[in-house]
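Okay, so here's the structure we're looking at.
The values are calculated or read from the model by the stated rules, or taken from the named source; none is laboratory data. As the structure is a prediction and not an experimental result, all values here were calculated from the model. Every residue, glycine as well, gets a Cβ built from its backbone with ideal geometry; the counts of neighbours run over all protein chains shown.
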Amino acid sequence: MARSSYLGCAPNFINPKCFGAKLWRDIMLRVFSAAALALIAGNVQASCGDAWYLRNLAFDRAGYCFGSALGEALFDNSDCTTHSPTLSDWDKSVVSAAKRYEQDMGCSVDTTQASIGATLIGKLDLVDRLPVLASYDSMCLGFNGPDLPMRSDLGIATSFSTGDVAAGDTVRFRFEGADGFEFVETEFGAGWIVGGAIGPATCREFAG
């Protein structure tokens, strides 16, 4: 008799009524985990572009004049001032971490092209303090907490909003934290948030 109760499910095994509640939750957790890990793996190639873009954005903001086709396509040379810019200690750490990432991942960016696969392009326009790439990469799949403001810099009084992390967003963590803040990305934006504001308790699933 137990076997016959599943026969009606045969055409549609994705129906939760065909499983016990605990088994259904286990299945969904595995599905969401696999999806998140696939997203992270699929972003490896784009991350090489992100590392290149991030370190060169630090140089662009310091007044560097680009000579490559890619640099001229992505950055505005109209206000550049030098080929030997002076970086702040923080931006030096941004550049060093990006270079280390590129070396570890075996990245090779073709600077003769006018475009690059990089998910960070456009997301950092409002960010004053650029993030430092970390050795980890994790994701919150389906943020389910209250809207969370992202900031342009560390602290609240010394920064402004770059957007919000909203319900349903996928939130990516791949940068070093600093002074009690973390840097996060969503599909459309990025910024600094208070450390620990997003975790397993505020995500449908957390992977990585």
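So, of the residues in region 38-92 that are in contact with a Gly (Cβ under 7 Å, 6 or more places away or on another chain) and in a helix (DSSP H, G or I), which turns out to be modelled with the highest pLDDT?
Restricting attention to region 38-92, the residues satisfying the condition of being in contact with a Gly (Cβ under 7 Å, 6 or more places away or on another chain) are 40, 45-46, 49, 56, 80-82, 85.
Now narrow it down to the ones that are in a helix (DSSP H, G or I): 40, 45-46, 49, 56.
Details: Ile40: 49, Gln45: 53, Ala46: 64, Gly49: 95, Asn56: 98.
Only one residue tops the list, namely Asn56.
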### Task
Starting from residues that are of a type in the set (S, T, N, Q) and crowded, with 16+ Cβ neighbours inside 10 Å, keep the ones in region 75-120 and report whichever is farthest from the chain's Cα centre (by Cα).
Thr111
### Odd one out for Gly208 among (1) in contact with a helix residue (DSSP H, G or I) (Cβ under 9 Å, 6 or more places away or on another chain); (2) at positive phi; (3) at pLDDT 95 or above
(3)
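Take Thr162 and tell me if it is within 19 Å of Arg61 (Cβ to Cβ), surrounded by fewer than 16 Cβ atoms within 10 Å (Cβ to Cβ) and free of Cβ contacts under 8 Å to residues at least 60 places away in the same chain.
Working: within 19 Å of Arg61 (Cβ to Cβ): yes; surrounded by fewer than 16 Cβ atoms within 10 Å (Cβ to Cβ): no; free of Cβ contacts under 8 Å to residues at least 60 places away in the same chain: yes.
The answer is no for Thr162.
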